[in-house]
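S.K.: Sharing a structure here in structure tokens format.
The values are calculated or read from the model by the stated rules, or taken from the named source; none is laboratory data. Please read these numbers as outputs of a predicted model, since none were measured by experiment. Quick reminder, even Gly has a Cβ in these numbers, built from the backbone with ideal geometry, and neighbours come from all protein chains shown. Please note that ligands, DNA and RNA were not included when accessible areas were found on the heavy atoms of the full protein model with its side chains. Shrake-Rupley method; radii C 1.70, N 1.55, O 1.52, S 1.80 Å.
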Amino acid sequence: MSKRTTRKNILITGASSGLGRGMAREFASRGRNLALAARRTERLEELRDELLAAYPQIKVAIRKLDVDVHDEVFRAFTELDEELGGLDRVIVNAGLGKGQPLGTGYFHANVQTARTNFLGALAQSEAALELFRPRNAGHVVLISSMSAMRGMPRNLTTYAASKAGVGALGEGMRADLANTDIRVSTIFPGFIRSEINEKVKNVPFIVDTETGCRALTAAIEKEPNKAHVPAWPWAPLSVAMKVLPLSVVAKMT
């Protein structure tokens with residue numbers, strides 16, 4: 001796109017905490033209307049009230065949403081689209097970070113992570129494109145992870161695999177929509193402090209939530225095919241991670 005369209009009405013899933021909450025604050029500061037969806041409605045209500053108090057010129061719509069309930073995804077997206085008068089961008093952010101090493105008796109945790117992170121992203125992408133295809137317009141943003149670059153050990157094995165699937169999903173959507181005016185961006189965040197990792201210590205290259213979400217928002221606004229965020233050091237590391245021995249990559253986690 002030679003002239004970038006301003007996406008005025010933005011839907012963010014997983015908006016009750018972490019990166020979703022942080023991105024909502026950043027986009028609100030840019031004067032965008034927001035559709036916020038998550039399971040914890042009380043936290044969405046708090047965020048809505050906070051944003052409307054700070055930026056009374058914007059609109060904020062909220063919906064309770066469990067992305068594992070796929071019918072609920074399609075219904076919520078349609079309702080939010082109607083409430084804001086047409087969504088321009090959907091940020092597929094809702095996900096889980098739990099997981100355990102395979103073969104240790106925690107299949108239930110691993111399958112939940114795989115279901116939410118991949119099938120949930122698939123449902124959200126389907127729902128978004130059902131809105132965007134008839135209009136030949138819109139921007140779908142998939143939040144993947146730097147862990148998607150390679151297979152990861154221990155608690156990250158299933159999480160990394162699910163996020164790699166999200167990356168492939170985004171690439172397939174781009175290929176399918178290449179001759180349309182619908183944009184698809186896949187964002188690969190590095191280590192950004194949030195509720196999902198607040199108890200993890202000694203994380204290399206980690207940035208605070210506000211810094212990370214500011215970088216995420218700036219990257220999304222450029223509507224790239226792919227972006228590694230923050231760009232330093234994750235853009236060069238994304239190349240290195242694909243060629244380094246697996247034993248070296250495993251030590252980065």
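S.K.: Does the stretch 155-165 contain any residue that is at pLDDT below 95, of a type outside the set (Ser, Thr, Tyr) and over 18 Å from the mean Cα position of the chain (by Cα)?
M.R.: Yes; the residues of the stretch 155-165 include at least one that is at pLDDT below 95, of a type outside the set (Ser, Thr, Tyr) and over 18 Å from the mean Cα position of the chain (by Cα).
S.K.: Pull up the stretch 1-23, narrow it to residues that are in contact with an Asp or Glu (Cβ under 7 Å, 6 or more places away or on another chain) and at pLDDT 95 or above, then point me to the one that is surrounded by the fewest Cβ atoms within 10 Å (Cβ to Cβ).
M.R.: Lys8
S.K.: Can you pull out every residue in the stretch 189-225 that is closer than 27 Å to Gly31 by Cβ, at pLDDT 80 or above and either touching a Ser or Thr at 6+ places or on another chain (Cβ under 7 Å) or among the aromatic types (Phe, Trp, Tyr) (or both)?
M.R.: Looking only at the stretch 189-225, we keep the residues that are closer than 27 Å to Gly31 by Cβ, and these are 189, 192-195, 207-225.
Going one step further and asking which of them are at pLDDT 80 or above, we end up with 189, 192, 207-225.
Pro189, Ile192, Thr209, Ile220, Glu223, Pro224, Asn225 - these are the residues of the stretch 189-225 that are closer than 27 Å to Gly31 by Cβ, at pLDDT 80 or above and either touching a Ser or Thr at 6+ places or on another chain (Cβ under 7 Å) or among the aromatic types (Phe, Trp, Tyr) (or both).
S.K.: Right, next: I need a count of the residues in the stretch 204-236 that are within 15 Å of the chain's Cα centre (by Cα), within 23 Å of Val249 (Cβ to Cβ) and not in a helix (DSSP H, G or I).
M.R.: Number of matching residues: 5.
S.K.: Residues of the stretch 237-253 being surrounded by fewer than 13 Cβ atoms within 10 Å (Cβ to Cβ) and assigned to a loop (DSSP other than H, G, I, E, B), which ones?
M.R.: Restricting attention to the stretch 237-253, the residues satisfying the condition of being surrounded by fewer than 13 Cβ atoms within 10 Å (Cβ to Cβ) are 239, 242-243, 245-248, 251.
The answer is Pro245, Lys251.
S.K.: Another question, if that's okay. Does Val141 satisfy being modelled with pLDDT of 95 or more, outside any helix (DSSP H, G or I) and open to solvent by less than 50 Å² (accessible area, probe 1.4 Å)?
M.R.: yes
S.K.: Follow-up. Could you tell me which of the residues Glu50, Glu45, Glu26 is open to solvent by 10 Å² or more (accessible area, probe 1.4 Å), out of contact with any Ser or Thr (no Cβ under 9 Å at 6 or more places or on another chain) and under 25 Å from Val207 (Cβ atoms)?
M.R.: One residue alone meets the criteria, Glu50.
S.K.: Give me a count of the residues in the stretch 98-122 that are within 24 Å of Cys213 (Cβ to Cβ), modelled with pLDDT of 95 or more and either of a type in the set (S, T, N, Q) or surrounded by fewer than 23 Cβ atoms within 10 Å (Cβ to Cβ) (or both). It would help to see each step written out before you state the result.
M.R.: Taking the stretch 98-122 and keeping what is within 24 Å of Cys213 (Cβ to Cβ), we get 98-99, 113, 116-118, 120-121.
Next, from what is left, pick out any that are modelled with pLDDT of 95 or more: 113, 116-118, 120-121.
Among the residues that remain, those that are also either of a type in the set (S, T, N, Q) or surrounded by fewer than 23 Cβ atoms within 10 Å (Cβ to Cβ) (or both) are: 113, 116-118.
So the count comes out to 4.
S.K.: Looking at Glu130, Glu171 in this structure, which one is within 23 Å of Leu19 (Cβ to Cβ), of a type in the set (Asp, Glu) and in a helix (DSSP H, G or I)? Step through it out loud before you land on a result.
M.R.: Working: Glu130 fails: within 23 Å of Leu19 (Cβ to Cβ).
After ruling out the rest, the residue left standing is Glu171.
S.K.: Shifting gears a bit: In this structure, is Ala175 farther than 18 Å from Lys222 by Cα and surrounded by fewer than 20 Cβ atoms within 10 Å (Cβ to Cβ)?
M.R.: Numbers: farther than 18 Å from Lys222 by Cα: yes; surrounded by fewer than 20 Cβ atoms within 10 Å (Cβ to Cβ): yes.
The answer is yes for Ala175.
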